[in-house]
Amino acid sequence: MKCVTVDFDKCTGLGICESLAPDFFEVNDDGELLLLKAEISDTELQEVEEAVNGCPTEALKIVDQ
Amino acid sequence: MTEVRRLVVVGASLAGLRAVEAARKTGYDGEIVLIGAEEHLPYDRPPLSKAFLGAADESGALPEVPWFRTEETLRDELGVDVRLGAPATALDTDARLVTVGDDAIAYDALVIATGAHARVLPGTEGLDGVYPLRTLDDSLAVRDKLEAGARTVVIGAGFIGSEIASTARKRGLEATIVEALPTPLVRATGHEMGAAIASLHELNGTTLRCGVGVSAIEGDGKVERVVLADGSAIDADLVVVGIGVIPSVDWLAGSGLTLDNGIVCDENLWTGIPGVYAAGDVANWFNPTLGERQRMENWTAAAEQGAAAARNALDPDNAKAYGTVPYFWSDWYDVRIQFVGSPDADEVRLVDGDPASGGRWVALYRRGDRLIGALTVNGQTEIMKYRVQIMKGGSWDDALAFAETRRRAHEEKLAASV
Ligand SMILES: Cc1cc2nc3c(=O)[nH]c(=O)nc-3n(C[C@H](O)[C@H](O)[C@H](O)COP(=O)(O)OP(=O)(O)OC[C@H]3O[C@@H](n4cnc5c(N)ncnc54)[C@H](O)[C@@H]3O)c2cc1C
Ligand code: SF4
């Protein structure tokens, strides 16, 4: 099973991930990132990969669990 | 179509690095040569006008250089032949050769990612304390002066200049911004919002002087004062010139590429010349998502274009268009400004909050009956919801209705927390 992880020490809440994969990520009022779910299905993989590549702080990773 | 055995990338910054990484991700195992004019390995620019300029922490350590990758990662993991410290000076598209110093480097596929360089004020060369802010070396020089407690004058009230003024204020230093235009940030955010955002400066103790040009920067060896067109003068130990950038294309003169506000390319980032692609701040490409030609100067587009250009350069027969809803952010004082889409609009409407009272606000941009842009100040939870709508070609009416439900929800939440 592929999962997405967030390194919260790196994330600055810029939210690019939210615009690319809104089912997974949402930035809250305080500018903090909420991970809405972690497990990635095959059909969702592409959008999550785009979010990983789009994150300016390289805070996101896809891992096999 | 001959198989690509050597990919050459010119420009060793964000777009160039992402080109190299994306090439390897496709499984390409041929040669990669990365050419960079600066002595430095690739580093990240946005922090250079933000956190990197900040004061030392308790232990006395200044913020670290935001390197992207180590030399070992580039060489060993990515298998890249990295050549730093000398610019490419010519391109021969018939022979497929890039000139660097005395070397002619052959390519099968080429990605040009030479970005942009800062515009300078003529006549200030050789005056200590006057810098642009585009490179790591610029940022180190500016930081030295801030460390020494410099009285700071920023010329140009754009995003980068505003960030520097904000950092100087955070360090408790005097800061003044001089802007020739009557309203700042018009090109990036439109008239109404430019004025509204600029009001953040006065709120935070930075003097903003708009509508007045600079007539001279004076000093004996080092800068002492900035003289304005109205005859007044501002004492300064540090002058940062933030008056825009110029795409780095001089080396391409006579190459046959079409040069017009950068390198002109199609929606696939292709220059029209076999094997040659462009990416990042240097690329003037057709953005199919908004249906207009654009040259971006933002992080997200540079990163994504670098990757897209490399994939297309390696496999031109299956080239994919690159389209995006542009996005940039800027951090001033304790405020985050975010913009998505295009500021070129028929109407701009404030849908939440009030710039005059500071805090948080949201403005939407309409073109025809479509939502084309959105600006938020401290609206991190709002902005990307509009980016998704613009991406999908969402209507103005839907966006307004959505904004209204968000505004109500926010009000209720505030009321509940009192
Ligand atoms: C201080 C600062 C703050 C910023 N803040 C933000 C922000 O908050 N948000 C945001 O979205 N964007 C921001 N940006 C913009 C963002 O950093 C740029 O869009 C991005 O760096 C563009 O990447 P690039 O690789 O296309 O070009 P560049 O980063 O300009 O890199 C081009 C590289 O090519 C090299 N080069 C040039 N000519 C040659 C040649 N002939 N041969 C070899 N090498 C050459 C240059 O030396 C340079 O290293 C900021 C930029 C700066 C300078
Ligand atoms: S894009 Fe990156 S920095 Fe931005 S919110 Fe997502 S994980 Fe955080």
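The values are calculated or read from the model by the stated rules, or taken from the named source; none is laboratory data. As the structure is a prediction and not an experimental result, all values here were calculated from the model. Virtual Cβ from ideal backbone geometry, glycine too; neighbours counted across all protein chains shown. SASA here: full protein model, heavy atoms, side chains in, ligands and nucleic acids out. Shrake-Rupley method; radii C 1.70, N 1.55, O 1.52, S 1.80 Å.
Below are the figures for this structure:
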| quantity | calculated |
| --- | --- |
| Considering only the protein assembly as shown, percent of DSSP beta bridges that pair antiparallel, nearest 5 | 65 |
| Interchain or long-range residues, amide H under 5 Å from B:E224's placed H | B:E218, B:G219 |
| Sequence of B:W285, B:W270 from largest to smallest accessible area, 1.4 Å probe | B:W270, B:W285 |
| Residue list for the range B:121-159, given a label point 7 angstrom along the Cα-to-Cβ vector of B:A56 and an amide N cut-off under 20 Å | B:139-151 |
| For the protein assembly as shown, accessible area per residue (1.4 Å probe, heavy atoms of protein chains only), Å² | 43 |
| Net charge contributed by nearby residues that have their C-beta within less than 15 Å of B:A90 (K/R +1, D/E -1) | -4 |
| Accessible surface of the protein assembly as shown [probe 1.4 Å, protein heavy atoms]: carbon and sulfur percent | 49 |
| Among B:I155, B:I197, B:I112, residue whose mean-square fluctuation peaks in a GNM of chain B (springs only between Cα atoms under 10 Å) | B:I197 |
| Burial of 50 Å² or greater, the range B:300-320 residues [accessible area, probe 1.4 Å, versus chain by itself] | none |
| Helix A:45-54 vs. chain A, principal-axis angle (Cα, 0 to 90°, nearest 10) | 30 |
| Gain on full stretching of the segment that runs from B:D369 to B:L259 - 0.36 nm per residue minus C-alpha separation | 36.2 nm |
| Assigned charges on the beta-carbon of Lys, Arg, Asp, Glu; the protein assembly as shown dipole about Cα centre (debye) | 780 |
| Directionally averaged shadow of the protein assembly as shown, computed from the convex hull of its alpha-carbon atoms, nm² | 25.0 |
| Modelled FRET efficiency - R0 45 Å, A:D64 with B:A90, Cβ distances, 0.05 increments | 0.45 |
| Residues of the range B:381-416 buried by at least 50 Å² on assembly (accessible area, 1.4 Å probe, chain alone as reference) | B:T381, B:M384 |
| Listed residue (B:A168, B:G190, B:V153) projecting farthest to the positive dipole end of the range B:120-243, Cβ model | B:G190 |
| Summed buried accessible surface, chains A and B, 1.4 Å probe, nearest 100 Å² | 1700 |
| The range A:2-64, dipole about Cα centre (Lys/Arg Cβ +1, Asp/Glu Cβ -1), debye to the nearest 20 | 140 |
| Solvent-free Debye scattering, log10 I(q)/I(0), computed from the Cα coordinates of the range B:199-270 at q = 0.12, 0.25, 0.28 Å⁻¹ | -0.62, -1.21, -1.35 |
| Hypothetical label at A:E39: residues of the range A:15-33 whose amide nitrogen lies under 19 Å (7 Å Cα-Cβ projection) | A:22-25 |
| Simple spin-label estimate for B:E267 and B:T207 in nanometres, 7 Å along Cα-Cβ | 5.1 |
| Karplus-derived 3J(HN,Hα), 6.51/-1.76/1.60, for each residue of the range B:50-55, Hz, glycine and proline x | 10, 4, 5, 7, x, 6 |
| Pairwise FRET efficiency - B:H191 versus B:L140, Cβ, R0 = 25 Å, nearest 0.05 | 0.10 |
| Highest-MSF residue in chain B out of B:D76, B:D57, B:D44 [GNM, Cα springs under 10 Å] | B:D57 |
| Residue of B:E21, B:E297, B:E347 that the Gaussian network model of chain B assigns the largest fluctuation, springs spanning Cα pairs under 10 Å | B:E347 |
| ³J(HN,Hα) computed for each position of the range B:322-336 - Karplus, 6.51 cos²θ - 1.76 cosθ + 1.60, integer Hz, glycine/proline x | 10, x, 7, 8, x, 9, 9, 9, 8, 10, 10, 6, 10, 10, 10 |
| Lys/Arg +1, Asp/Glu -1 at C-beta; the protein assembly as shown dipole; positive extreme among B:A55, B:P355, B:A303 | B:P355 |
| Sequence-distant residues sharing a close amide H with B:R151 (under 5 Å, placed H) | B:D237, B:L238 |
